[in-house]
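Structure first, then comments.
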Amino acid sequence: MYQMGYIEKYGTGITENIRRMQEARLLAPEIDLSAEFVTTIWRDNDATNIGTNDATNDATNNATNDATNVATSKDYLAVNKRIIDRKVKKKVKKRMTEQQLQECIIEACYVEHSVEELAKLLGKPESHIRNRFITNMVADGILLRTKPEHSSGQTYMTNPKLDK
């Protein structure tokens, strides 16, 4: 496809789709490469209302959406985080190269993660994750801080411009 000019570059489609789904506050797809390539794409709850009374759905949705928008977006992010953490955890081994660890950090940071959360997820000391990876990845523009530098509760996200 790349050589025929249908795509501008290869190897970035999955990360681009996950990033776009995150921007739209949708659940990230779950991808399992263990036995065979299996992708689970989560449906928005509104999709289950197809074929029912649209006027009733609209009235109900409008009344509840305003009150639950903040909670729903937090719920989506929490579910995304659990899905991504589960995928990353499947890749973690006792002995990993620095490249493998960096790839796991990049994937985990599709949603916000603190150094403490990354250390627990990867089974490495916080100081090692911070000093060996986070500092360099922020300097290289791979990760972005979600708060001003030296803020308490600092979390990091993968730079969405990486795939472009």
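Key figures
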{"quantity": "Burial order of peptide ranges 121-132, 99-110, 138-149 (average beta-carbon count within 10 Å, highest first)", "calculated": "99-110, 121-132, 138-149"}
{"quantity": "Angstrom value of the Kirkwood radius, inverse mean 1/r, which spans all Cα pairs in segment 77-160", "calculated": "12.7 Å"}
{"quantity": "Residue-by-residue Karplus 3J(HN,Hα) for segment 96-104, coefficients 6.51, -1.76, 1.60, Hz, glycine and proline x", "calculated": "9, 6, 4, 5, 5, 5, 4, 4, 5"}
{"quantity": "Entries in 81/124; 124/161; 90/120; 87/124 that, when Cα-Cα distance is taken, lie over 21 Å", "calculated": "124/161"}
{"quantity": "Amide hydrogen neighbours beyond the local backbone of residue 159, cut-off 5 Å, H modeled", "calculated": "143, 144"}
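Read the figures in this text as sums done on the coordinates, not as results from a lab. For clarity, every value in this text was computed on a predicted model and none was experimentally measured. Note that we place each Cβ from the backbone using ideal geometry, even for glycine, and neighbour counts take in every protein chain shown.
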